[in-house]
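Each remark here refers to the structure printed beneath this line.
The values are calculated or read from the model by the stated rules, or taken from the named source; none is laboratory data. This one's a predicted model, so the numbers in the text were calculated from it and none came from an experiment. Glycine gets a Cβ as well: all are built from the backbone with ideal geometry, and neighbour counts include every protein chain shown. Note: areas computed on protein heavy atoms with side chains; ligands, DNA, RNA excluded. Shrake-Rupley method; radii C 1.70, N 1.55, O 1.52, S 1.80 Å.
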Amino acid sequence: MRVAVVVGPGDTGLLSELGEDGNGRGGFVAADGLAAAVAAYERAGDVRWVWAATGAAYPALLRAGVRVRRCHDVALTEALLLGRDGRTGEAPSLAAAFARLRGAPAPLARIAAVERVGTGGQQEALFEPADPGLPDARTQLDALIAVHADQLRRVAADEHPARFGLLVAAESAGGLVAAEMRATGMPWRADVHDALLTELLGPRPAAGMRPVTLAALASRISAAFGGRPVNPDSPAQLLRALAADGVRVPSTRSGVLREVSHPAVPLLLEYKELARLHAAHGWAWLDEWVDGGRFRPEYVVGGVVSGRWATRGGGALQIPRVLRRAVIADPGWVLVVADAAQLEPRVLAALAADHAFAEAAAAGDLYEALAGAFGGDRAKAKVALLSAMYGGAGGEAGQLLAVLRRRFPLASEYVEAAARAGEEGRVVRSRLGRTCPPPSTAWRGLTAMPDDPGADDQKAGRSLRARGRFTRNFVVQASAADWALVLLAGLRPRLTALSIPNGHPTALPSAAMQPPGEPLGEPGLVFFQHDEVIVHCPEAAAESVVAAIGEAAQEAGRLVFSDTPVRFPVSTAVVACYADAK
């Protein structure tokens, strides 16, 4: 059963049961106790909630102690459909989708301020829904029902409707996971974090002042430049100081500085690392983001065009290794840290249906299994495989890549075809149908055949190759994101099934240690990044959680890649502290 829901003020809302085609069955119910009504539907049987956006509708239910099993997130689904149709600049909000459905002008998307992590490929602008333009709850409900029914029709019309339907369902499940992780929070010991900062930086400084360790390094850096005052936070001053000593570099990036021989460089590298820690995860971060022993970032599902997630503040996807020592399970609980081993190369093996490659991928260490083709050198096998996926072909990488092409022609041809598509201005899709953005008008103008035979086409060539590298990487990375998303969708209900009664001795000592509405004793996802998940669970449930993760991983392989012989092993570590997992 599908039920459309519009959340009103307080605990009110509108509910309408839908038919199989997504259209309303007639009539609606105005609920004065929406959370209770939703809970009653959940107890009664299998229901999928249809709402405009999980991030807007679900948090209030979570605060009331109500979790739902399934949903259809209109905004996330609309973003997938717009991406498929090459309309990535349009807003995916309910209001915009309803306007398009009626043939009315729809607002453009606006760029969202979010954090992303590097992906090794070209990044496109990330968009968020524009402000809603529906005046009242009844109008919103009518729009919701109409847009949802239209989305079901558009999904069914896809080239691979079953795959795309799985992507839509998994993306919506990801929205539920993201909201639940924010509500639950990751265990975070503020006292440990403070001690780590003090150990590395010195006592907490006054606002606007450098910590003593950074101040001492800054003085030593100036001394290394002959006593000339140099602000290590100013790239311009650093470039001038280096040039005055006969060292000319294009930038002060750490990678560039490591190639420079100068007494100030080791100090600069140390300063940069500690300054980054202070700015991104220092005391100000601790004050803002950790409360009640929990770190609660706001995740952005599908925040990167490849399907990877992003966050709005908090740097949840870039936790420094040193600060993982502050991620400590509650008493009587543990962290189950799991990551997929060499996920993207295995995904390529499954995508290409390269049997020789798939056979190698069945081994525990894929690079070791490929080493035989490279004289037994595992490092060379890794370079060759990463070059195939990310487009590196210079120097030794090109020679190693040629070996890989001879040994595994189908896998090589798969990514080469994706690269050619990109260079030709076409789009490519993930296994489940997430579509890369089309090239911009500026790119098409730059790479078009020039009318002037003397025109400089060097820049055009670089743009062509850059897009080829992007699409080559996209088909693998986005398909890996498909697999990880389906794993999340399958793991979530398995964890719910492992719930431990509130009175069990391994439940949390008091409800005060748990966010409002969070069931005591239930294992919960608290972290997700690309191919890594962390589950916080009672120690007694750890073995069952490990098994659940393994089952979800294998199920994801079957659902996403059908009957592929490729396996997707997941390594797990049961620890009290995140830093001990690796």
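Brief remarks follow.
- Residue identified as closer than 30 Å to E539 by Cβ and of a type outside the set (D, E, K, R) among V301, V347, V322: V322
- Looking only at segment 228-253, residues that are open to solvent by 50 Å² or more (accessible area, probe 1.4 Å) and assigned to a loop (DSSP other than H, G, I, E, B) come to 9 in all.
- Among the conditions (1) over 30 Å from A91 (Cβ atoms); (2) out of contact with any helix residue (DSSP H, G or I) (no Cβ under 6 Å at 6 or more places or on another chain); (3) crowded, with 21+ Cβ neighbours inside 10 Å, A206 misses just one, which is (3).
- Pair list, Cβ under 7 Å, 6 or more apart: segment 419-443 residue on the phi > 0 side of the Ramachandran plot, other residue hydrophobic (A, V, I, L, M, F, W, C) and crowded, with 16+ Cβ neighbours inside 10 Å: G433/F164; G433/L167
Each row is one residue, and each column tells you yes or no for (1) within 30 Å of V337 (Cβ to Cβ); (2) of a type in the set (S, T, N, Q).
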| residue | (1), (2) |
| --- | --- |
| D191 | yes, no |
| S219 | no, yes |
| V230 | no, no |
| A236 | no, no |
| R240 | no, no |
| V256 | no, no |
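- G313 vs. criteria on the phi > 0 side of the Ramachandran plot and touching a residue at least 12 places away in the same chain (Cβ under 8 Å): yes
- Residue in segment 282-289 that is assigned to a helix (DSSP H, G or I), within 30 Å of R558 (Cα to Cα) and either open to solvent by 20 Å² or more (accessible area, probe 1.4 Å) or in contact with an Asp or Glu (Cβ under 8 Å, 6 or more places away or on another chain) (or both) present: no
- Applying the set (1) open to solvent by 60 Å² or more (accessible area, probe 1.4 Å); (2) under 32 Å from the mean Cα position of the chain (by Cα) to A30 leaves exactly one unmet item: (2).
- Answer residue from segment 154-195, given it is free of Cβ contacts under 8 Å to residues at least 40 places away in the same chain and in a helix (DSSP H, G or I) and is nearest to the chain's Cα centre (by Cα) among those: G165
- Enumerated strands (runs of 3 or more DSSP E) restricted to segment 521-582, each holding at least 2 residues that are of a type in the set (F, W, Y): 524-529
- Test: A358 is open to solvent by 10 Å² or more (accessible area, probe 1.4 Å) and more than 30 Å from C537 (Cα to Cα): no
- P409 vs. criteria at pLDDT 90 or above, surrounded by fewer than 21 Cβ atoms within 10 Å (Cβ to Cβ) and touching an Asp or Glu at 6+ places or on another chain (Cβ under 9 Å): no
- Every condition in (1) within 24 Å of M209 (Cα to Cα); (2) over 33 Å from the mean Cα position of the chain (by Cα); (3) free of Cβ contacts under 8 Å to residues at least 24 places away in the same chain is met by T252 except one, and the failing one is (2).
- Consider segment 183-202 and keep the residues that are at pLDDT 95 or above, in contact with a Leu (Cβ under 9 Å, 6 or more places away or on another chain) and not hydrophobic (A, V, I, L, M, F, W, C). The one that is farthest from L277 (Cα to Cα) is P187.
- Of note, G86 satisfies the criterion of being modelled with pLDDT under 95, more than 21 Å from R494 (Cα to Cα) and either open to solvent by 10 Å² or more (accessible area, probe 1.4 Å) or among the basic types (K, R) (or both).
- Residue check, L214 touching a helix residue (DSSP H, G or I) at 6+ places or on another chain (Cβ under 9 Å), assigned to a helix (DSSP H, G or I), modelled with pLDDT of 95 or more and open to solvent by less than 50 Å² (accessible area, probe 1.4 Å): yes
- Odd one out for T54, checked against (1) closer than 18 Å to G175 by Cβ; (2) surrounded by fewer than 24 Cβ atoms within 10 Å (Cβ to Cβ): (2)
Rundown of residues vs (1) modelled with pLDDT under 50; (2) over 30 Å from G391 (Cβ atoms); (3) surrounded by 15 or more Cβ atoms within 10 Å (Cβ to Cβ); (4) of a type in the set (A, V, I, L, M), yes/no style:
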{"site": "E78", "(1), (2), (3), (4)": "no, yes, yes, no"}
{"site": "L82", "(1), (2), (3), (4)": "no, no, yes, yes"}
{"site": "R100", "(1), (2), (3), (4)": "no, yes, yes, no"}
{"site": "A113", "(1), (2), (3), (4)": "yes, no, no, yes"}
{"site": "G118", "(1), (2), (3), (4)": "yes, no, no, no"}
{"site": "G121", "(1), (2), (3), (4)": "yes, no, yes, no"}
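- L61 crowded, with 21+ Cβ neighbours inside 10 Å, among the aliphatic types (A, V, I, L, M) and out of contact with any strand residue (DSSP E or B) (no Cβ under 8 Å at 6 or more places or on another chain): yes
To keep it simple, each residue is scored yes or no on (1) at pLDDT below 85; (2) open to solvent by 10 Å² or more (accessible area, probe 1.4 Å).
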residue: A480; (1), (2): no, no
residue: H504; (1), (2): yes, yes
residue: L520; (1), (2): yes, yes
residue: L525; (1), (2): no, yes
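- Residue ID - most open to solvent (accessible area, probe 1.4 Å), chosen from residues in segment 1-23 that are over 31 Å from the mean Cα position of the chain (by Cα) and farther than 17 Å from T139 by Cα: E20
- Qualifying positions in segment 299-335 - surrounded by fewer than 22 Cβ atoms within 10 Å (Cβ to Cβ), in contact with a helix residue (DSSP H, G or I) (Cβ under 6 Å, 6 or more places away or on another chain) and among the charged types (D, E, K, R): R324, R325
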